[in-house]
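The values are calculated or read from the model by the stated rules, or taken from the named source; none is laboratory data. Please read these numbers as outputs of a predicted model, since none were measured by experiment. Cβ placement follows ideal geometry from the backbone for every residue including glycine, while neighbour counts extend to all protein chains displayed.
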Amino acid sequence: MSVKSQRLVLTGITGTLGRNLIEEVQAWPDVKVLALLRAGSSPAKTFPSTEYEEIEFFDKERITSTLQRFQPTCVVHCAASGMSFLRPAWFDMVRFNVDVTLNFCESVSRIPGCHFVFVSTGLAYRDQGRPLREEDPLDTQHPYGASKAAADILVRSAAAEFGVPLTVLRPFSFSGLGDSSSRLFPSLLRAAAEKRPFNMSAGTQVRDHCAAADIAHAIVLAILQGPASGQPAQVFNLGSGSLQPLRSLVEGVVEELGLEVSLRFGERELIQFEPKHLVGDIALARTRLEWQPRLNVAYAIWQLARESFPVLKLNEPRQSL
C-alpha cells in the first residue's frame, strides 16, 4: 500500500514513541491521521493535518463507532500503562494493557483489510541470558512486561481467529525527544539539571537501548509493508542488539555529552523482577523490514536535553551510528 492511500489511527501520541511516530508520518503526502487521546491528556505538539479525538479507551462501542466513521487502513496501538517507575495500581495497569488492546483488535476486525499494529515490549520475554528471538517464550513476573505479554498472546490469538492482519512489534529500551518519564535518561538529565548526584544500581545488567526515532521508523516500515494476506501475525524485535552493561552505556553517554553529573553506582537495588539480560536479536527486522538503528543513542539524549533541559550545556555528539 502506498503512503498516499493510508488512513492511520494512532494511540499513545503523548508518549515518547507515539510522539516520534506522529512526527514522521506528517511528512507523508495526503495521509489522513486520527490521534486518539485519553481523557485529560494533550499532545506537546499538534499538526493541522491530524484529527484529534478524546476517547474513553474502555468504551468498546465508542472505539468501534469511531473506527467505523474514520475507516482506517491501519490502527497503531502504542498507548500503554505502567512505563514510569511510579506505576499505577497493578490490576488497573493490567486491565488497560490487556482489555484496551483487545477492544481495539475487536473493533479492527469489523473493518475489512484494516491492519492492526500492536506495540508490545521486549520486557515480555523470559530472560534467556542471550539476545532474545521472536520465538522465545513470553514469560515474566515483571508487572508491565507480564501485562504486555498477556496482551501480546491474546491479540495474536484473536487475530488468527478473526482474520485480522496483525503486526506485533517488541521494542526494547528507547529514549529521545518527548521522553518526560521517570525512566533512566530523563532522570539522569534531571539530576544533572538540578546539580545533584544520580543514584543507580550497580549497572551490571545488560541492556539494549535505541533512539525513539529509530523505533518509530520501524513502525513506519511495518505500516507500509503490512502483513502478507492470509498469513499469521508478523512479530519483530526492535532494538540495537548491543550486548553492553548498563553502566558502560550510561558512562559512554555522559562522556559524549560532557554531562556534569556524579554517577553513584550501587546506591539503588535492582527493581523487583527486572531482567538481568534484556537484549533483542533484530535479524528478522533487518531482513524483512529492512530496518536497523541509525541514530547514536547519545545524540537522541542530546536532542532530549536541548528540548526539555535547556539549562544544560552539552557537547553535540555524532548523529549516526
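Give me the pairs: first residue in region 3-24 and in contact (Cβ under 8 Å) with a residue 24 or more places away in the chain, second residue surrounded by 23 or more Cβ atoms within 10 Å (Cβ to Cβ) and of a type in the set (S, T, N, Q), beta-carbon distance under 9 Å, and six or more apart or on different chains, which are they?
What qualifies is THR16/SER175; GLY18/THR11.
Sort out which residues of region 158-190 are under 26 Å from ILE13 (Cα atoms) and of a type in the set (Gly, Ala, Ser), and write them in order of number.
Correct list: ALA158, ALA159, SER173, SER175, GLY176, GLY178, SER180, SER181, SER182, SER187.
Which one of PRO137, PRO48 is more than 23 Å from HIS277 (Cβ to Cβ), of a type outside the set (Ser, Thr, Tyr) and free of Cβ contacts under 8 Å to residues at least 40 places away in the same chain?
Just one listed residue meets the conditions, PRO48.
Would you check if GLY252 is surrounded by fewer than 21 Cβ atoms within 10 Å (Cβ to Cβ) and modelled with pLDDT of 95 or more?
yes
Which numbered condition trips up LEU221, out of (1) of a type in the set (A, V, I, L, M, F, W, C); (2) under 18 Å from the mean Cα position of the chain (by Cα); (3) within 26 Å of ARG87 (Cα to Cα)?
Status for LEU221: all satisfied but (3).
How do the pairs read when you match residues in region 197-208 that are charged (D, E, K, R) with residues anywhere that are surrounded by fewer than 14 Cβ atoms within 10 Å (Cβ to Cβ), using Cβ under 6 Å and keeping only pairs 6 or more apart or on different chains?
Once the first residue is charged (D, E, K, R) and sits in region 197-208, no partner that is surrounded by fewer than 14 Cβ atoms within 10 Å (Cβ to Cβ) comes close enough.
Pairs please, first residue from region 295-314 and surrounded by 18 or more Cβ atoms within 10 Å (Cβ to Cβ), second anywhere and of a type in the set (Phe, Trp, Tyr) and part of a strand (DSSP E or B), Cβ atoms under 9 Å, 6+ apart in sequence or on different chains.
Close Cβ pairs satisfying both conditions: VAL297/PHE174; ALA300/PHE174.
Name the residue that is nearest to the chain's Cα centre (by Cα), counting only residues in region 67-99 that are among the β-branched types (Val, Ile, Thr) and within 27 Å of LEU184 (Cα to Cα).
Here the answer is VAL76.
Could you go through region 216-225 and let me know if any residue there is touching a strand residue (DSSP E or B) at 6+ places or on another chain (Cβ under 7 Å), surrounded by fewer than 20 Cβ atoms within 10 Å (Cβ to Cβ) and modelled with pLDDT of 95 or more.
No, region 216-225 contains no residue that is touching a strand residue (DSSP E or B) at 6+ places or on another chain (Cβ under 7 Å), surrounded by fewer than 20 Cβ atoms within 10 Å (Cβ to Cβ) and modelled with pLDDT of 95 or more.
Identify the residue in region 148-186 that is hydroxyl-bearing (Ser, Thr, Tyr) and closer than 28 Å to ARG110 by Cβ and, among all such residues, is surrounded by the fewest Cβ atoms within 10 Å (Cβ to Cβ).
Applying the filter and picking the extreme gives SER157.
Yes/no matrix, rows are residues, columns are (1) closer than 23 Å to ASN20 by Cα; (2) without any contact (Cβ under 8 Å) to a residue 60 or more places away in the chain; (3) in contact with a His (Cβ under 8 Å, 6 or more places away or on another chain); (4) of a type outside the set (Lys, Arg):
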position	(1), (2), (3), (4)
ALA35	yes, yes, no, yes
GLY40	yes, yes, no, yes
ALA44	yes, no, no, yes
ILE55	yes, yes, no, yes
LYS60	no, yes, no, no
GLN68	no, yes, no, yes
CYS78	yes, no, no, yes
ALA89	no, yes, no, yes
